[in-house]
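Report on the structure given below.
The values are calculated or read from the model by the stated rules, or taken from the named source; none is laboratory data. What you are looking at is a predicted structure, and each value in this text was computed from that prediction instead of being measured. Neighbour counts are summed over all protein chains in view; Cβ atoms, including those assigned to glycine, are modelled from backbone coordinates with ideal geometry. Just so you know, the surface numbers come from the protein's heavy atoms only, side chains and all, with ligands and any DNA or RNA stripped out. Shrake-Rupley method; radii C 1.70, N 1.55, O 1.52, S 1.80 Å.
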Amino acid sequence: MTTIKDIARISGYSLGTVSRVLNNHPDVSDKARAQILAVVQELGFEPNANAKHLKMQTFSDIAVLVKGTQNPLFADILEKLQALLHAQGEGVFVAYLDEDANEVKYALELCRIRRPKGFLFLGGDLEFFRQDFAAITVPSVLLTNDASALALPNLSSFSTDDAAAAQAAIDYLAAAGHRAIGVLGGNLAQEQISYRRLQAVEAAMARHGLPFSRDVQHEPCRYSMQDGYAAAQRLLERAPHLSAVFALGDVIALGAMRAARDRGLGVPADLSVVGFDGIVSGQFSIPRLTTLRQDTARLAELAVESLLSRLHYAAPPRHQLIPFQLLPRESVQSLSPTP
């Protein structure tokens, strides 16, 4: 039978730290808590309800599950969420998951171990929610993906209109005279926001009469600068004729600009770049990054308002798309019209 000694040995943390995590003590780092809970889930550890150190008779904090560890957009939203929740006297537990992890199964494990009173999901794959979320009974909110089609009775969602924003990026580049446009980031899983953005790109390119081949003009990657850099290298090697790229995240765009520079290309003289998110670092890159800004303050406000309404007043779930803002900066060059 698995014991907390096994959890301590495998996780690499002391018995005291493991005990504090299982007891929901606050004096444990988020990293240690996440790693220990991951081992608990892997081992299928069942707490002994009769043991004093494992008793959890009441609901604990609000749990925030963050998909990915290198996304400044989520860091911005998380900071705002924590401030708003703390102002309401709510405790917050934060766990960072891998970009490809099943966040719903992790949440189910937290329900067993920590008994959170509610969940806030920063990022999420709708397929995981469709498969497993019915077992979660506490109020929950998904941010940056639209869960309205799932019609789950205890899940609200707030997100940017990804399709409209992606089309706006292509409209902007087309108006600047670009005809050969590449796309960086995401994957082709149909429940991911990146797939929705890619579909919108294809629709906008067709509307402008511009050629677009996924095999040639799209290079998938994870949401980080290093992955954006590597993806841009692959894309530009395969399609050197591109005059612009639309990156599905600002961190990808920043990596792409460095990749272009390392290939001897100027941005925007040789390659124009548009990002997505509006993170602060894009204002200070050289050149400043043209991007689609997501309203992180509004997303956080709606998420907390909806979750607390569900917790205290049994309000119905809400689903809302938040307006975006195109921020033209320095990373896009207008091309002369073709005769």
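A few remarks follow.
- Looking across segment 220-250, the residues that are closer than 15 Å to Val183 by Cβ, among the hydrophobic types (A, V, I, L, M, F, W, C) and in contact with a Leu (Cβ under 8 Å, 6 or more places away or on another chain) come down to Cys221, Ala231, Ala232, Leu235, Leu236, Leu242, Ala244, Val245, Phe246, Ala247, Leu248.
- Those residues of segment 179-238 which are polar (S, T, N, Q), open to solvent by 20 Å² or more (accessible area, probe 1.4 Å) and under 23 Å from Leu73 (Cα atoms), in sequence order: Asn187, Gln190, Gln192, Gln199, Gln226
- Criterion: modelled with pLDDT of 85 or more and small (Gly, Ala, Ser) - qualifying residue of Ala95, Ala49, Ala8: Ala95
- Taken over segment 308-339, the criterion of being out of contact with any Ser or Thr (no Cβ under 8 Å at 6 or more places or on another chain) and either among the hydroxyl-bearing types (Ser, Thr, Tyr) or crowded, with 20+ Cβ neighbours inside 10 Å (or both) is satisfied by Ser309, Tyr313, Ser334, Ser336, Thr338.
- Of all residues in segment 138-165, those satisfying the criterion of being open to solvent by 50 Å² or more (accessible area, probe 1.4 Å) and without any contact (Cβ under 8 Å) to a residue 24 or more places away in the chain are Ala149, Ala151.
- Within segment 82-129, being part of a loop (DSSP other than H, G, I, E, B) and open to solvent by less than 60 Å² (accessible area, probe 1.4 Å) holds for Glu90, Gly91, Glu99, Ala101, Asn102, Arg114, Gly123, Gly124, Asp125.
- Between Leu326, Leu311, Leu321, Leu292, the distinction of being touching a residue at least 24 places away in the same chain (Cβ under 8 Å) and either outside any strand (DSSP E or B) or of a type in the set (Gly, Ala, Ser) (or both) belongs to Leu311 only.
- Verdict on Val64 being at pLDDT 95 or above and either open to solvent by 30 Å² or more (accessible area, probe 1.4 Å) or closer than 30 Å to Leu254 by Cα (or both): yes
- Some residue of segment 286-307 being open to solvent by 20 Å² or more (accessible area, probe 1.4 Å), among the polar types (S, T, N, Q) and more than 17 Å from Ile170 (Cβ to Cβ): no
- Selection count where residues are part of a loop (DSSP other than H, G, I, E, B) and open to solvent by less than 30 Å² (accessible area, probe 1.4 Å), scope segment 269-285: 6
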